[in-house]
Every structure is written in C-alpha cells, then in structure tokens.
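The values are calculated or read from the model by the stated rules, or taken from the named source; none is laboratory data. This is a predicted model, so every value here is computed, not measured. In this analysis, Cβ positions are derived from the backbone assuming ideal geometry, glycine residues included, and neighbour counts consider all displayed protein chains.
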Amino acid sequence: MSATAAELAKTGPPPSLQPDTFGYAVRRSRTDARHALRTSTRGNQVSSPLQDALIQPAAPPPIPWWPPAPGWIALMVLLVLLLIALPLLWLGLRRRYRQRMRAQRIIWEVPDNLSDQAWLAALNTQLKRQLKSRGEQDATRLFGPEWVDYLCQGYPKPRPDLLRPLGTGLYQPGNDMSSGERLALQRELLRWVRHNHV
C-alpha cells in the first residue's frame, strides 16, 4: 500500500466524494432538483386547506378610556381644586382691597387744611359714625382717655402715644400738631380700621 492510500484510509475520501452522512451535500442533477420542487409544491397545496381551517386568534379588546390612568386622575383632582381655590382667592383679595379702600376713604376724606382741633374732631366723627353703623352705640359716647383706650383694644400692638391727640387734643387749644404727627396718626388709624373691618 502506498503512502497516498494509507493517508486516504486514515482521513477518508475527500469532501467531494463523501455522502450526506458526513455532512456534505451530494451534487444532484437538474432533473432531481425539478422533481424535488414539484414534490414540495404538492405538499404545500395539500396543507393549504388545513391552514385555512385554523381559527384565527381574536383581536384584543380596545383600551377603555375610563377609568383613566392614575396620573390623569391626579391631574383632574388638581384642576378641580384650582377651580375651587381660584374664585375663593379672588373673592378674598377683592374683599381685602375694598376694606383697604374703605379705610383710606374714612381717614383721607378729612381735609388737611383744617386746624388741629377741627381736624381731630373730624377724625373722631368719622370713626364714631362707622362704629354707629355697626351698632356700637356705647362707643360713640366715649371721649377723652376712655375713647383712646377703646380704640387701643380694637387691634394688636396699638400705639396709645399716637392716638392720644384724639382724646386730649380737642381740649388743649395750644397743643399744635406737626405734619409728621398728623401723618403718624393717620397711619395708626388706618391700622385700626383694617383690623376692625370698618
């Protein structure tokens, strides 16, 4: 046995000569290929009625719009709260603005060109008129230090030194007030009016 025969015996025949069992496809003629194609087509024709008889899976149901996702629920709750809170906030701000304007009108309607006694008397008249409209008849009869004490009880952190001219200035003709004292008294009365919802 020659060396070539011995090598073939060990390694086997070359790939071109090996059958399908060795993992290599055997070359076929065109006739064999056509026959295999006709057989495959016949098998497909036979299996087609079976495929048509199969029941197709049902389509999934449509996604309902209710109940919405948790994010949409939270957004709707927030919008409802805003729709409730905004009108209440607007009404509160409007009421506060009207009170402020009313307070300013009560105080600033008194002309500044009056004498000290006439100016203080006009302020007292304005305040007591508002108290009378609220039904506080007893307060309209107060005068002097008692009137000042009553005013100090109507709001937090009062300044009796600023309100004192309303009780004593009417009976002290020689006690002149400067423009700064008048302005300080007006600002203190504005605080009193706002806290008393006049």
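So in the stretch 106-146, with the set limited to residues that are among the small types (Gly, Ala, Ser), within 25 Å of residue 176 (Cα to Cα) and not in a helix (DSSP H, G or I), which one is nearest to the chain's Cα centre (by Cα)? Explain how you work it out, then say what you get.
The first filter runs over the stretch 106-146 and keeps only residues among the small types (Gly, Ala, Ser), leaving 115, 118, 121-122, 133, 135, 139, 144.
Imposing the further condition that a residue be within 25 Å of residue 176 (Cα to Cα) reduces the set to 115, 118, 121-122, 144.
Now restrict to residues that are not in a helix (DSSP H, G or I): 115, 144.
Values: 115: 54, 144: 53 Å.
Selected residue: 144.
Counting only residues that are at pLDDT 80 or above and surrounded by 11 or more Cβ atoms within 10 Å (Cβ to Cβ), which one in the stretch 94-105 is nearest to residue 183 (Cα to Cα)? By that ranking, first place goes to 105. Scanning the stretch 147-184 for residues that are over 44 Å from the mean Cα position of the chain (by Cα) and in a loop (DSSP other than H, G, I, E, B), which turns out surrounded by the fewest Cβ atoms within 10 Å (Cβ to Cβ)? Among those residues, the one meeting the criterion is 174.
Return the residues of the stretch 140-155 that are out of contact with any Pro (no Cβ under 8 Å at 6 or more places or on another chain) and within 20 Å of residue 102 (Cα to Cα); say none if nothing qualifies. 140, 154, 155 - these are the residues of the stretch 140-155 that are out of contact with any Pro (no Cβ under 8 Å at 6 or more places or on another chain) and within 20 Å of residue 102 (Cα to Cα).
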